[in-house]
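Derivation of every value follows stated rules applied to the coordinates shown; laboratory data play no part. From a predicted model like this one, the values you see are computed outputs, not experimental measurements. Neighbour counts are summed over all protein chains in view; Cβ atoms, including those assigned to glycine, are modelled from backbone coordinates with ideal geometry.
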Amino acid sequence: MEDAYARSVAEVLDFFRVDPSRGLTDFQVTENARVYGTNVLPQEESTPFWKLVLKQFDDLLVKILIAAAIVSFILALIDGETGLTAFLEPSVILMILAANAAVGVITETNAEKAIEELRAYQADVATVLRNGCFSILPATELVPGDIVEVGVGCKVPADMRMIELPSNQLRVDQAILTGESCSVAKELESAVTMNAVYQDKTNILFSGSVVVAGRARAVVVGVGSNTAMGSIRDAMLRTEDEVTPLKKKLDEFGTFLAKAIAGICVLVWIVNIGHFHDPSHGGFLRGAIHYFKIAVALAVAAIPEGLPAVVTTCLALGTKRMARLNAIVRSLPSVETLGCTTVICSDKTGTLTTNMMSVSKICVVNSLQLGPTTSEFHVTGTTYAPEGIIFDNAGSQLDFPAQSPCLLHVAMCSALCNESTLQYNPDKSNYEKIGESTEVALRVLAEKVGLPGFDSMPSALNKLTKHDRASYCNHYWENQFKKVSSLDFSRDRKMMSVLCSRMQQGIMFTKGAPESIISRCSNVLCNDDGSTASLATHVRAELEARLQSFAGKETLRCLALAMKWMPIEQQSISYEDEKDLTFIGLVGMLDPPRDEVRNAMLSCMSAGIRVIVVTGDNKATAESLCRQIGAFDHLEDFAGRSYTASEFEELPALQQTLALQRMVLFTRVEPSHKKMLVEALQRQNEVVAMTGDGVNDAPALKKADIGIAMGSGTAVAKSASDMVLADDNFASIVAAVAEGRAIYNNTKQFIRYMISSNIGEVVCIFVAAMLGIPETLVPVQLLWVNLVTDGLPATAIGFNKQDSDVMKAKPPIPSAESKVAKPKHFVRIVSSIHDLFLTPQNLIALVQPRASIRHRLHHPTLLSSTAGAVVAPQPLCTMAMGIGEIMKMEFKRTGGWRRSYVGLATVAGFVWWFVYSENGPKLPYHELVIIIDEILKFFSRNSRGSWIGKSPWEHLKILLAGKDRVQVSRLLYKVQSQIETTGFTS
């Protein structure tokens, strides 16, 4: 029944055909269970582990690497390779991919825990009326139409419509759904609000909320998925995790790189079709396979295999630094996303505020004869800790507040007219409340006022243990006064009273709504001398003016305190006794903003980050908070900056778009509104961070680019988030954003470095294929360069500290600024290769290798300063190439075109050593193509990797010195056979 809040009690009971005095019959229970289902959140099937694993390989670059590994293995078998040699290249590639997949699987399995932890907020049992008898049943057996009774401390087992209120009031803590800082009063009357949100449904008890005061009976109107808790679960299931800006750019680059690789591979084949018949290959098919292997090497060269490992390492380093800032990162990519954040949607209660009601102002009457009639005291302290200072009107600190008559009686009334408890939790190292937040705030006030009669009282209290200090003064007053009788709070009176006795005197303390208390007062306690005077009309008017200031402009929650001397023999009190009261004082309390939030807001403004305050509280209270924390400081007019959820929904689509661009405050929201806000901002290309602590925040946390949960929040919120704030502090978010920006900048630098490094490898392989010489770098060497030679320096870049002005610049926008090397650099490379090799005159030169190679090696751009570093055979070329790349790390914004000459120099050095070097064999170019290919193949198959770092001629000397005649004979025979076949001499 979706509109039960708008129906009368009789209409709801008639709908379910239930007698409120007897409940459902067994037949009706069975029938309703069949129609509406049971009170259980359905078990969602989790993604099978094998699907999670396969999902990690659903990436174009990964598929290319897998194909390269398979092809490499097949070609090795075709060439007759066996053992370690055949498996080496594919094994290395597959191990890299497996490591990256493991990180992805671990990340995704964490996300599904949020849905499961929703079950912890369902009640275990319920007191149900069936067949005319009350019984305690498992909450899972409830069906719509059941009559359920709830009392203080009960967790509401299902969504229920109130039908009877035996107590004076019923107050429910539904913060996990609405984020409201205080408990809310429930009533029987139907709600008439159009488009009602949770806060407007004052006659509905929501599943998972907790009763904090009173007792009531209600009829179940929703179970399982048809409850408020169930709607949150469904929203979480419908919400897909957002792809991080880094992942988006890498995916875009992967698509482009795949096309570039395919184009280059096809180009290599086209250019070398004429070489397929070369006798050195042993036939057309083997020639085609040879150049197919070159294509595999190109694929390995173009893909930065070490990039995922380096990204993961640097992000992990960032998580450690953020942990020191009380920001616990649950998802590694969120570290980088945080640096790109453009909008922070911050929950008000518990994030911008302490979520601890605290008395901030006290108004008392000074004297009716001299000076100003009323005076005001300011109270510091924003938590439940009994620590704070009281200042007078002039701003002077009161050393002994208890010496002021009115403050002394305020402390007495706060301690005695109170049903809450304040205690210290040593496990969490903080003070905790049991009961209403407003009553706990009064207990804390009594501790701050202290006790009279001891000059050393403030310092003496500080020497107590935290456990004893929590309620020391409250316990003192409770021991001094004996409670005789009490009158509970009721909605019509809006007050509560307690009768006490002390030293043969009776006194009644009363607290309640100011308008109710003041109207029943005939006297007033004067703070100057402690005397009692008649409450004159002008004093009453001034008190009402103070009340308007507290409750209106400052949006404080106000309570008035009063007392009345009673006969000592009176043992009970009635409503008739609550008149002719003596006014003590007026206290104003609020959920105070955190001290460091204002500076954090200023930091966000200077960093170009917009903050939107999102809360379930009413508009006036939230606007007052925004003024206190500086969210409105830069605004002269609030129009168009503050909206309630209903006001925003009523706007046309175009005006909603404009409102989102200017919004600062969003109030009276429920879970669906938070998620809607995130989605709308993301459509405007904003990178959104959303904070939250309740179950209601989980769908929005999951949908946001980065969800930030509070450390004191619910397990559901934490599981749905990407990051958890250990101290629940908004300022920690800003500090984490600064760290995230530093990590973003480092990530951008090392990604550009690694991508541009691979371009040198691509050019090296490509040019070697064009010249018809053997591959200068084999796939295993390329993997070594990508993982070690490039990986370690790139990781070092990730250690760079943040710049001092990192929070003075606008946030980086990934859509406008790519971290990876831009495609235009590849266009330049392909263009330069075309100019060098594919012009008509150079195509002719390719047929005459000797002239072509001499022409290119004497070209000044090829023999640059690095040429001397790469004058070595193939294995040393790998090392020289790495050195050349490391030297280029000084270019912070290195593009791919700056790396192309390294690959050209590698090929040039390779040819130069064999053809021209005085220390080399001085082979003719056409013999180089045959001999070096066979020598390298021989050692790769027979020396188990020991040939790396030595020239073939050095190995010949080693073999001869070792008199290994078999291996020497095999090598020379194969080389001689190739020479005889082609008619060449050596």
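What the table below lists for this structure:
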{"item": "Pairwise FRET efficiency - A513 versus F256, Cβ, R0 = 60 Å, nearest 0.05", "result": "0.35"}
{"item": "Full-stretch length increase - I434, V125 - with 0.36 nm per residue and alpha-carbon distance subtracted", "result": "109.0 nm"}
{"item": "Spatial extent of the range 516-626: Rg and Dmax, with the Cα atoms as the point set, Å", "result": "20.5, 69"}
{"item": "Most to least packed among 757-764, 444-451, 731-738, 433-440 [average Cβ atoms within 10 Å]", "result": "757-764, 444-451, 731-738, 433-440"}
{"item": "Inter-probe distance in nm under a simple model that places probes 7 Å from Cα toward Cβ, at T38 and S167", "result": "3.1 nm"}
{"item": "Extension gain from A796 to A98, taking 0.36 nm per residue of separation minus the Cα-Cα distance", "result": "248.9 nm"}
{"item": "Cα→Cβ-extended label distance, 7 Å offset, between D26 and Q682, nm", "result": "5.1 nm"}
{"item": "Cα-Cα over 30 Å, subset of K428/K801; K320/K703; K320/K361; K51/K810; K55/K320", "result": "K428/K801; K320/K361; K51/K810"}
{"item": "Of the chymotrypsin sites (Phe, Trp or Tyr not before Pro) in the range 587-690, those whose Cβ has at most 15 other Cβ within 10 Å and which sit in DSSP loop", "result": "F638"}
{"item": "Given K553/K808; K247/K702; K248/K674, the pairs whose alpha carbons are separated by over 27 Å", "result": "K553/K808"}
{"item": "Loop trypsin sites (Lys or Arg not before Pro), the range 296-359 (other Cβ atoms within 10 Å of the site Cβ: 13 or fewer; DSSP)", "result": "R324"}
{"item": "Chain lengthening between T383 and Q423 when straightened (0.36 nm per residue, less Cα-Cα)", "result": "13.1 nm"}
{"item": "Packing-based order for 787-797, 532-542, using average beta carbon neighbours within 10 Å, highest first", "result": "787-797, 532-542"}
{"item": "Relative contact order of the range 661-769, defined on C-alpha pairs under 8 angstrom at six or more residues apart (%)", "result": "15 percent"}
{"item": "Sum of side-chain charges, A738 neighbourhood, beta-carbon under 13 Å (Lys, Arg +1; Asp, Glu -1)", "result": "+2"}
{"item": "Listed peptides 515-524, 283-292 by packing density, highest first (mean Cβ within 10 Å)", "result": "515-524, 283-292"}
{"item": "Under 12 Å, Cβ to Cβ, from R610 - net charge with Lys/Arg +1 and Asp/Glu -1", "result": "+2"}
{"item": "Within the range 624-722, GluC sites (Glu not before Pro) in DSSP loop having at most 16 other beta-carbon neighbours inside 10 Å", "result": "E636, E650"}
{"item": "Cα gyration tensor shape of the range 128-240, rounded if a/c is under 1.5, else prolate or oblate by comparing a/b with b/c", "result": "oblate"}
